[in-house]
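Working notes for the structure below.
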Amino acid sequence: MDRAPRFARKSGIRGVKFKARLEPAEAALVRDVVSGVMKLLSDRLGSGSQDELAELTGIKSGNSEPPDYAPLARLIPDFFPPSGSPRARESDAERYAGHAENFSEGEDADNIDFSDDVAAASPDSADTEAAQDDPAETERENAAMRMLHEPEIIEAKLYAGEVVMRTIPAKGGAISLNEQQAESWLQALNDVRLVLGELIMRAEQPPGSSDFGSNGSPKPGWYRTGVPEEMPDPDSPMFPAWQAYYWCAMMQDDLLQVMI
């Protein structure tokens, strides 16, 4: 069913603006889910090790291991794809269902597409291919890259979330974004979509089903590619998370369409 886009592009003497109007419930939803993702990222940033060099230079050192929590791992995946021995991931369907329900209700404070960051930080292709042939070397490379670059990636994601929180009316109303703010909205909404999508997928399709690969990671699907075509049964325990996912994906798509 066709629907009117939520965002409109307006040009003026002060440049381009992207405008929308949100109902109070919609504004509350955005604030809840964005703040939830920010809490996940902030906790991760604060858990990084601080060695003597970091204390002297003021340069933050990130974690050397990927997150155990799969939705967070979707936001900050390994720099190099795994090979050889796959990394085991926690996959308790009931746990993820519970997190998704709480998250969508704003009770649990538990993309940027940073491919450019990864590409800029990656060694040359020959070294990368050699590392991927050796699982142990791949793991060492990932650990080193995480410690070096994960903090700045997380900080960029947190900044995008902060822009959303600053520009959205707490009780609903008009939104007016410049181009930089609109980019931050896209990034923050994409992170929300990834987290909710991972929660929903793991709750509804536990690892071992055809939707998961041999390493326990979900195969590409609706939650990575865009707006789902149909909503699930309203009686489903995942329905609130689906609603939040669908709405954020719709807003992301509408904003992107008026920006291009």
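So, in region 1-30, of the ones that are buried (at least 17 other Cβ atoms within 10 Å of the Cβ) and among the basic types (K, R), which residue ends up farthest from the chain's Cα centre (by Cα)?
Per the criteria, the residue is K17.
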What is the number of the single condition among (1) more than 24 Å from P66 (Cβ to Cβ); (2) modelled with pLDDT under 95; (3) in a helix (DSSP H, G or I) that L199 does not meet?
(1)
Per the filter on region 108-167, residues at pLDDT below 85 and hydroxyl-bearing (S, T, Y) are S115, S122, S125, T128, T138
Among all residue pairs at least 6 apart or on different chains, which show Cβ distances below 9 Å where the first residue, located in region 69-89, is closer than 11 Å to L41 by Cα and the second is at pLDDT 75 or above and surrounded by fewer than 16 Cβ atoms within 10 Å (Cβ to Cβ)?
L72/D43
Is it the case, given these coordinates, that M250 is of a type in the set (A, V, I, L, M), more than 20 Å from A73 (Cα to Cα) and at pLDDT 90 or above?
yes
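The values are calculated or read from the model by the stated rules, or taken from the named source; none is laboratory data. These figures come from a predicted structure and were not determined experimentally. Counting neighbours? That spans all protein chains shown, and the Cβs are built from the backbone with ideal geometry, glycine included.
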